[in-house]
Structures are given as structure tokens and as C-alpha cells.
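Report on the following structure.
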Amino acid sequence: PRLPALPTRAVARGLAADLVAADPKIRRAAVAEAADPRVLLTASRDPDGDVARTAILSLTKLYAEGQVEPKEIIAVATDRTIPDRTRLFAINGVAGVASPEGAAMLVQMLGGTTLERRAASVSLAGQDPEVAVPALITALSDGDEYVRLQAVDSLKLLSRGRDFGLDAGAW
């Protein structure tokens, strides 16, 4: 597989060479050392899942610290060319920080793939209730049982324990 071009000016020469090495173990170790968000954003699309997940985990930490713009991590979380298992790390990273951008992404995901709907139904519990509650009430009628049940659980968390089950009108 072709490796993505990395912005090597941001890293030391030896590390730059390791970031594009043919061996994914070397790339993964180099990505674990990298601290530049541009390098990590590029590595998040590495063809090797372990390398990409390592990059995404570092990116989500930087995002939580305010060092990565919401639009950048959201671009990774919403990129359907990234394998679902890997992309889920980015979705969870976005969801881990309450923000208008993250909440909007999660609401939009309630209309997406099964993976997106399931992740959103869990993750909206950590977002602004004014945005999350109406979206979760809509999710009570989702075709996927997991989404419906998780929407109930998220609504219970947001309402301090109230439980109206799947009754959207009661919510």
C-alpha cells in the first residue's frame, strides 16, 4: 500500500524517515513519538490500522487539550474512507469533549450508518442537553434496537434518572 506523504519539516530527520518506513511497526512507534498535529492527521489515514489508531489516539488527546481544531478531528471522524474500527476512535475522541461542533456531528451521525448511529446514541449523553435531547428522542424510533435502547440510557443520564422508556411523547 502507498503511504501518505507526511509534513516532515515538523519533525526531526530520523523520526521523519521512520514515519514513512515500509514496516508498520516502525511507523507506529514513530507516530507514538510525534507531537505535531499535522503529522498525526496525516498518519490517521495510514493504511495500517494500528498506525492510524495510534495517530488518532494522540490526536484526540491533543483535541481534548485544545491543540487540535474541532474541524480537523471531525474530518477524521466523518471520513468514511477510514475503516470503521479505526474511525470509531476518532468519533469517541470528538464525543469526549462537549462542544457545539461535536454535538452537531453526533446529531448528524444519528442519520448515518449503523456504526455512526450507535456511537452517537451513546455519545450524545456527554453533550449539551438542548442539542442532545431532541436528537435522542428522535433516535427512540430508530430501526436498530441498540440505538433505541442506548438513546433511552442517554436520555436517563441527561434527565438525572428519569425513565420514560421508548415513549417519545413522554420525554
Probe 1.4 Å, all protein chains present, accessible-area order of T81, T42, largest first
T81, T42
Between the modelled labels at R160 and E101 (7 Å from Cα along Cα→Cβ) the distance in nm is 3.2 nm
Nearest 10 degrees is fine. How inclined is helix 145-158 to the longest principal axis of the chain, computing both from alpha carbons?
80 degrees
Find how many whole Å separate the alpha carbon centroid of the range 113-171 from the alpha carbon centroid of the range 12-91.
30 Å
Over the chain, what is the relative contact order in whole percent, taking alpha-carbon pairs under 8 Å and six or more residues apart?
12 percent
If each DSSP helix of 4+ residues adds -39,500 (n - 2.57) and the sum is divided by the residues in the chain, what number results at 222 nm, nearest 500 deg cm²/dmol?
-18500 deg cm²/dmol
Helix 100-109 vs. the chain, principal-axis angle (Cα, 0 to 90°, nearest 10)
80 degrees
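What FRET efficiency do you get for T138 and R85 if R0 is 25 Å and r is their Cβ-Cβ distance, rounded to the nearest 0.05?
Working: r = 27 Å, r/R0 = 1.07.
The formula returns an efficiency of 0.40 here.
Quick check: residue separation of L149 and L115 times 0.36 nm, minus the Cα distance between them. What number comes out in nm? Walk me through the intermediate numbers first.
Details: separation 34, 0.36 × 34 = 12.24 nm, distance 1.46 nm.
Gain on extension, L149 to L115, equals 10.8 nm.
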Heavy-atom accessible surface of the chain: percent carbon and sulfur, 1.4 Å
53 percent
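Would you mind getting me the FRET efficiency between D23 and K71? Use the beta-carbon distance for r and R0 = 35 Å, nearest 0.05.
Numbers: r = 32 Å, r/R0 = 0.92.
With a Förster radius of 35 Å, E is 0.60.
The values are calculated or read from the model by the stated rules, or taken from the named source; none is laboratory data. It should be emphasised that the depicted structure is a prediction, and the values quoted were computed from it without experimental measurement. Heads up, the Cβs are rebuilt from the backbone with ideal geometry, glycines too, and the neighbour counts pull from every protein chain shown. These accessible areas exclude ligands, DNA and RNA; they are computed on the full protein's heavy atoms, side chains included. Shrake-Rupley method; radii C 1.70, N 1.55, O 1.52, S 1.80 Å.
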